[in-house]
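> Mind looking over this structure? Questions follow.
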Amino acid sequence: MKEKDGLPSDLNIEETTEEDTSSRKVTNYNTEELTELLKQIQSEYQIGYTFMYPKFVEWNRRQKILNNQIRAKDKIGSTLMFTIHQTILAAMYSDRINVKFAPRTDGDQEQADRWSMLAKYDYAQMDKPELDYDWIYDTLAYSYGLVLVYEWDADTKTPVPITIDPTTFIRDPEAISITGKKNGEGKMRFGGRWIYLTRYQIQEYIDSGVFDGISSVEECKKGSNDTIIEENSRLRKQNMGYQAYNTQSEPLQGANGLYKFLQWFTVTESGELCMVYCAGSDINKIAGFKKLTDSKGKTLKYFPIALRKIHPQSGQWDGYSIFDATEDKQRAVAILENVMLDLAKFTVYSRYVFDNTRIKNKAELEKHEFNQFIPVTGNTAGVIAEIPKAHISSDVSFTMTTLTDEAQRATATSEIQQGVQAAQNRSATENAQVAASVASRYGLNAKVFSWSEKQFWILWRDLYKKHFKGAQKKIVRLTGDTGMTFREITKDDLTMQEDPDVIIESMAVSDAETRSKLQAYSNMYTSTANDTTVDKRNILEKIAQYSDFTEEERNALFPKSFDEYEAEEENRMLNNGDIVNIQEDDDDYTHLRVHAKANANPQTEAHRTAHIQALYAKKRNPQAQVNSVAPQPEQAQVGGAQTPPVVDYSQPSTLQTA
């Protein structure tokens, strides 16, 4: 099956050859069990829709405030919401969240490294930069953002995540998140959205088996119900200056006509998670049904949706959005700005009174609102007298400043953070303190964002486990200091004893920690410059590591010695439980440092102890010719206690094996 970009689809069905669809059977979803499920969906939809309706109305109103292109042309709109939203969006988007995988058991490090390599490659393959922008935008605007991580592209062998518009997503009123608490309390029981498909897209879904409950497009009726979701869609376009278009009352004819389907996530009576497609606005026919299972065929613990929040409130689904913090202030600022504009116009175009007994051409005087002349009866002390001009009160400016400052404090978006020179001159120290405080506030947001990023990559990992078959291969392109290289990855390369842990770190937070460690190692190198017992090379390697040199660049600057290569090979043998002898010319300090990375097992402990005994012997007998220093197999019984090798120093020419 070839998946369709950006369209919800069931990707458990995977095709590698041409399929004959002429004899495809239509699944009968009129069974008693599924009829009851359909009634359940109808009930859930009504409850969820009623619950979300006020939010949908409010979100549309805020979108109009944010960008109202149909406002009166002689009025101006405030950009307070836009400025703060974009400032935080820029900060959070530029702070890319890095992901890597860590093994849970011995011997899985190479596989974990391949998972990390694959994630780095798929970042571009999945169009993750564009997805992140939309995801962060929604989160800041509506307090949460949603990404469906369920689709799989069988051609590129890559997951296809898509964002879900929060303003169209109907959810469980009692849910606090998709996954709920650790014990499952408060997880989402049901939720979904309306999607729109053309005739040929519906036929593709039928041919691929996604819509296995219908046999043709003719069974799909264009619904006539018009919900707040369609209304919001029209009003958004209208707010941006377009002519509102109603897909229900003015349907497009032909192949590009849109048909309405409900994509719904729910739980069956038996406790199994499923995804159901219902045809038409009446939700009276199941077009497709799929149980949501993992790679072992077990039902998922939660729906494959990653939920991201901003300023989350404990025990609540919603957070506190940027629009929540700024909408009322923008409204007030816009009113004051228009008042100030009118006052400024009156300053330029004054109004006058005149003696109507002495000036006859009244029409000429009265034809403009600004620069207006008003006839009066009586002496005007010079035929025409200017009415005193109104001036902008300092109270107005103070009020606008107060409103703007309050919005900036609530969201940690000072003028400097917005890229604007501060109106008030501050010292460098004060500016540094402000920047540090902003970084702390934004760092909190980044850490909260890492929760959803971790959930995203867990779902991504699970898709590979389910859909990446044993016989398949994927070529991964890597770009490094040595140029472009290509690696082949198979199912075996990703198979581990236990699923790897997903480690997420914010680039900004990571950079702060890196700078701290870089400073510490730099100071250490300076303070130990004359100490011959300190491993200067190791310190320099750490300085290069925290100076953002890649591993390839570090290896080029500090080529591994023979002892390092030998010790790494010995580590692989020790990890397999082999007994490894030490050699007479080993650099024991180097070997001990490298063996610290080996698995903690009896063989490793015995081998390290042998190196330590060799150091003792070489210190006591500098001229000794070492024939053999090696722990014997009986000294490293797996699971038993080991006795450190004993060296006979009474024989300086030979170090006896313990």
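Conditions (1) free of Cβ contacts under 8 Å to residues at least 60 places away in the same chain; (2) assigned to a helix (DSSP H, G or I); (3) touching a Gly at 6+ places or on another chain (Cβ under 9 Å), marked per residue:
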{"position": "ASN538", "(1), (2), (3)": "yes, yes, no"}
{"position": "GLU541", "(1), (2), (3)": "yes, yes, no"}
{"position": "GLU553", "(1), (2), (3)": "no, yes, yes"}
{"position": "LYS560", "(1), (2), (3)": "yes, no, no"}
{"position": "ASP563", "(1), (2), (3)": "yes, yes, no"}
{"position": "MET573", "(1), (2), (3)": "yes, yes, no"}
{"position": "TYR589", "(1), (2), (3)": "yes, yes, no"}
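> Any residue at all in the stretch 612-622 that's in contact with a Ser or Thr (Cβ under 7 Å, 6 or more places away or on another chain) and either at pLDDT 85 or above or aromatic (Phe, Trp, Tyr) (or both)?
For the stretch 612-622, residues in contact with a Ser or Thr (Cβ under 7 Å, 6 or more places away or on another chain) and either at pLDDT 85 or above or aromatic (Phe, Trp, Tyr) (or both): absent.
> Quick one: would you say LYS64 is of a type in the set (D, E, K, R), modelled with pLDDT under 85, out of contact with any Lys or Arg (no Cβ under 9 Å at 6 or more places or on another chain) and open to solvent by 70 Å² or more (accessible area, probe 1.4 Å)?
Here the answer is no, as LYS64 does not meet what is asked.
> May I ask you to say which residue of ARG96, ARG104 is open to solvent by 20 Å² or more (accessible area, probe 1.4 Å) and within 20 Å of the chain's Cα centre (by Cα)?
Going through ARG96, ARG104 in turn, just one is open to solvent by 20 Å² or more (accessible area, probe 1.4 Å) and within 20 Å of the chain's Cα centre (by Cα): ARG96.
> Hey, another quick one. Taking GLN86 and the conditions (1) over 28 Å from ALA154 (Cβ atoms); (2) in contact (Cβ under 8 Å) with a residue 24 or more places away in the chain, which numbered condition does it fall short on, given that it satisfies the others?
Every condition holds for GLN86 apart from (2).
> Okay, next question. Identify all residues within the stretch 253-289 that are small (Gly, Ala, Ser) and buried (at least 22 other Cβ atoms within 10 Å of the Cβ); write none if there are none.
ALA279, ALA287, GLY288
> Let me ask you something else. Looking at (1) modelled with pLDDT of 80 or more; (2) part of a helix (DSSP H, G or I), find the lone condition where ALA508 falls short.
Going through the list (1) modelled with pLDDT of 80 or more; (2) part of a helix (DSSP H, G or I), ALA508 breaks only (1).
> Can you find, within the stretch 69-90, the residue that is farthest from LEU341 (Cα to Cα) among those that are of a type outside the set (A, V, I, L, M, F, W, C) and open to solvent by 80 Å² or more (accessible area, probe 1.4 Å)?
Result: GLN69.
> Mind counting the residues in the stretch 75-85 that are in contact with a Ser or Thr (Cβ under 9 Å, 6 or more places away or on another chain) and of a type in the set (S, T, N, Q)?
1
> Considering every residue within the stretch 544-551, establish whether at least one is open to solvent by 70 Å² or more (accessible area, probe 1.4 Å), of a type in the set (Phe, Trp, Tyr) and either under 23 Å from GLN583 (Cα atoms) or not in a loop (DSSP other than H, G, I, E, B) (or both).
Scanning the stretch 544-551 turns up no residue that is open to solvent by 70 Å² or more (accessible area, probe 1.4 Å), of a type in the set (Phe, Trp, Tyr) and either under 23 Å from GLN583 (Cα atoms) or not in a loop (DSSP other than H, G, I, E, B) (or both).
> When only residues in the stretch 302-316 that are in a loop (DSSP other than H, G, I, E, B) and out of contact with any Leu (no Cβ under 8 Å at 6 or more places or on another chain) count, which is most open to solvent (accessible area, probe 1.4 Å)?
Here the answer is SER314.
> Looking at ARG62 and the list (1) out of contact with any Phe, Trp or Tyr (no Cβ under 8 Å at 6 or more places or on another chain); (2) outside any loop (DSSP other than H, G, I, E, B), which single condition is not satisfied?
Condition (1) is where ARG62 drops out.
> Considering only residues that are among the β-branched types (Val, Ile, Thr), under 20 Å from ALA141 (Cα atoms) and under 16 Å from the mean Cα position of the chain (by Cα), which ones fall in the stretch 152-168?
Matches in the stretch 152-168: ILE162, THR163, ILE164.
> Next question. Can you report the number of residues in the stretch 169-224 which are farther than 16 Å from ASP318 by Cβ and more than 22 Å from the chain's Cα centre (by Cα)?
Summing the residues that are farther than 16 Å from ASP318 by Cβ and more than 22 Å from the chain's Cα centre (by Cα) in the stretch 169-224 gives 36.
> Report the residue count in the stretch 77-107 for those that are farther than 21 Å from TYR144 by Cβ, among the aliphatic types (A, V, I, L, M) and part of a helix (DSSP H, G or I).
1
> May I pose another question? Please list, ordered by first then second residue, the pairs with beta carbon atoms under 7 Å, 6 or more apart or interchain, first in the stretch 431-454 and closer than 19 Å to THR163 by Cβ and surrounded by 14 or more Cβ atoms within 10 Å (Cβ to Cβ), second at pLDDT below 85 and among the small types (Gly, Ala, Ser).
SER450/SER506
The values are calculated or read from the model by the stated rules, or taken from the named source; none is laboratory data. Since we're looking at a predicted model, the values are computed, not measured. Note: ideal-geometry Cβ built from the backbone for every residue, glycine included; neighbour counts use all protein chains shown. Only protein heavy atoms, including side chains, enter the accessible area calculation; ligands, DNA and RNA are left aside. Shrake-Rupley method; radii C 1.70, N 1.55, O 1.52, S 1.80 Å.
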